[in-house]
1. List the residues, sorted by chain then number, that are 5 or more residues from TYR40 or on another chain and whose placed amide H is less than 5 Å from its amide H.
2. Please list, in order along region 59-76, the HN-Hα scalar couplings obtained from phi with the Karplus expression 6.51 cos²θ - 1.76 cosθ + 1.60 (θ = phi - 60°), rounded to whole Hz, x for Gly and Pro.
3. Near the amide H of CYS63, under 5 Å away, which other amide H atoms are found, from residues 5 or more places off or on another chain, if H is placed in the peptide plane?
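Bear in mind these aren't lab numbers, they're just calculated from the coordinates by the rules spelled out. Remember, it's a predicted structure, so these values are computed and weren't measured experimentally.
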Amino acid sequence: MKRFSSIRHGTPATIHAALQAKERLQARVTPLPVSQSQRYYLKPGELYVGEETALVETVLGSCVAIAMFSPRNLLGSLSHSMLPTDGNAKSRAANCLEGARFVDCAIHCMLDWFLQRGVLRKEIVVKVFGGSAMFPGPESYGRIGVGRQNIERALQVIEQEKLYLAAFDLGGLGGRKIYFKTNTGEIFLKRLHRSELMK
């Protein structure tokens, strides 16, 4: 296991539809069998990649989590990104000095890790979560909140890289707790009230 701190492919109309979609992944409260699995908690700005069976969890507000999974190779990865981009036009993995802190860097780091292990791009299943409006207000003054920026950047890079977006649960005003099973690609989601994130 390594930790780094620091829809379907379509058109822009597809991205817009994803942001506006009303059918979201339903929260599920399901027992999680972890007796034979390692368990990890991701802090903001961290990324998990590994070939072991593990349960990876993280808590999201305006941040975005990207999960990638290869059904053929049984490889999984999860990131917890705080900001949309590092501002580097060449934000490939080799140029990302702060890794998963930025949405675009995280996606590129994860994608490169899969490709280096012989996973075909078309085999990678991607799921995206988070991007809540935790600090409402700026958008009314013509500024886009950081949660919305994170969502837009994630969907933009996923489209540019021609990756398969299988599921998403984005936006809103509350938080999310995500559990990711690395050997199956399953995501379990628990919705959190904003007050629960402040504890």
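1. Distant-sequence amide H within range of TYR40: LEU55, VAL56, GLU57.
2. Whole-Hz 3J(HN,Hα) from phi for region 59-76: 10, 10, x, 7, 5, 10, 10, 10, 10, 10, 8, 10, x, 6, 9, 6, 10, x.
3. Here GLY131, SER132 satisfy the definition.
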